[in-house]
Ligand SMILES: C[S@@+](CC[C@H](N)C(=O)[O-])C[C@H]1O[C@@H](n2cnc3c(N)ncnc32)[C@H](O)[C@@H]1O
């Protein structure tokens, strides 16, 4: 299966409610694409299509970057757990000198490439697992909605703190996920993010933008 074709064939172009400036290939209803991917998953062990949704944490972080372009303008940005590429695209639109999007899901990598083209921005997609990697070329590291599973959230948080300790600006977008750390975060912004009951069990979520502080 061609991932780019799967992305285009199972989504529609629309804009996340909090970030109307950015168009993405997104699921229109949850069930069909989730099932489509589950069938593919049964054949070839694919992960769920996180890339087909603009998650509340990512929307808050993308909104923040577009509203505060000086955070990334002229700087080198890594967006970790990029999903659809929403936050990476916002960083590019805000004037980042370079943007890398880290994703371990090949379908997400295809979605990021398709979405970058749709928004006429350049994003370099990295599909090797960068979790734990320290690269002094990243001025800013962003992560949208990555605290939804305990082992991953713990590992990501520890890594982001190490990056912060080296002087990297680390920004995390989160709508109150279960495994968000309870300390070592500085609130930068808070947005009311429209969402759906099917996806989040709520009509809105509070999307926070946190600066991750060194441990
Ligand atoms: C809930 S989605 C958030 C996507 C996007 N940031 C947003 O807010 O819309 C989390 C994403 O993290 C990705 N992910 C999980 N572990 C990862 C890793 N080690 N490296 C890169 N991406 C990872 C998943 O594939 C998934 O697409």
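Points worth noting:
- Hey, residue 137 assigned to a loop (DSSP other than H, G, I, E, B), closer than 19 Å to residue 87 by Cα and touching a residue at least 60 places away in the same chain (Cβ under 8 Å) or not: yes
- Per the conditions (1) within 15 Å of the ligand (Cβ to nearest atom); (2) surrounded by fewer than 21 Cβ atoms within 10 Å (Cβ to Cβ); (3) under 20 Å from residue 204 (Cβ atoms), the sole criterion not satisfied by residue 67 is (1).
- Failed item, numbered, when residue 125 is tested on (1) outside any loop (DSSP other than H, G, I, E, B); (2) more than 10 Å from the ligand (Cβ to nearest atom); (3) closer than 23 Å to residue 208 by Cα: (3)
- Taking every residue in segment 11-24 that is outside any loop (DSSP other than H, G, I, E, B) and pairing it with any residue that is modelled with pLDDT under 95 and surrounded by fewer than 13 Cβ atoms within 10 Å (Cβ to Cβ), at least 6 positions away or on another chain, the pairs with Cβ-Cβ distances below 9 Å are 12/28; 14/28.
- Strands (runs of 3 or more DSSP E) contained in segment 159-215 and holding at least 1 residues under 20 Å from residue 19 (Cβ atoms) and without any contact (Cβ under 8 Å) to a residue 60 or more places away in the chain: 185-194, 204-212
- Some residue of segment 79-87 being more than 8 Å from the ligand (Cβ to nearest atom) and out of contact with any helix residue (DSSP H, G or I) (no Cβ under 7 Å at 6 or more places or on another chain): no
- Filtered by the rule that a residue be surrounded by 22 or more Cβ atoms within 10 Å (Cβ to Cβ), closer than 12 Å to residue 51 by Cβ and in contact (Cβ under 8 Å) with a residue 40 or more places away in the chain, segment 89-106 gives a lone residue, 103.
- So residue 131, is it at pLDDT 95 or above, within 10 Å of the ligand (Cβ to nearest atom) and at negative phi: yes
- Residue in segment 33-60 that is surrounded by the most Cβ atoms within 10 Å (Cβ to Cβ), counting only those that are on the phi < 0 side of the Ramachandran plot, more than 8 Å from the ligand (Cβ to nearest atom) and part of a loop (DSSP other than H, G, I, E, B): 49
- Condition check for residue 148 on (1) within 15 Å of the ligand (Cβ to nearest atom); (2) exposed (fewer than 15 other Cβ atoms within 10 Å of the Cβ): one failure, at (2).
- Only one of the numbered conditions (1) surrounded by fewer than 20 Cβ atoms within 10 Å (Cβ to Cβ); (2) under 17 Å from residue 195 (Cα atoms); (3) touching a residue at least 60 places away in the same chain (Cβ under 8 Å) is not met by residue 76, and that is (2).
The values are calculated or read from the model by the stated rules, or taken from the named source; none is laboratory data. No experiment lies behind these values; they were computed from the predicted model shown. As a convention, Cβ positions derive from the backbone with ideal geometry for all residues, glycine included, and neighbour counts pool all protein chains shown.
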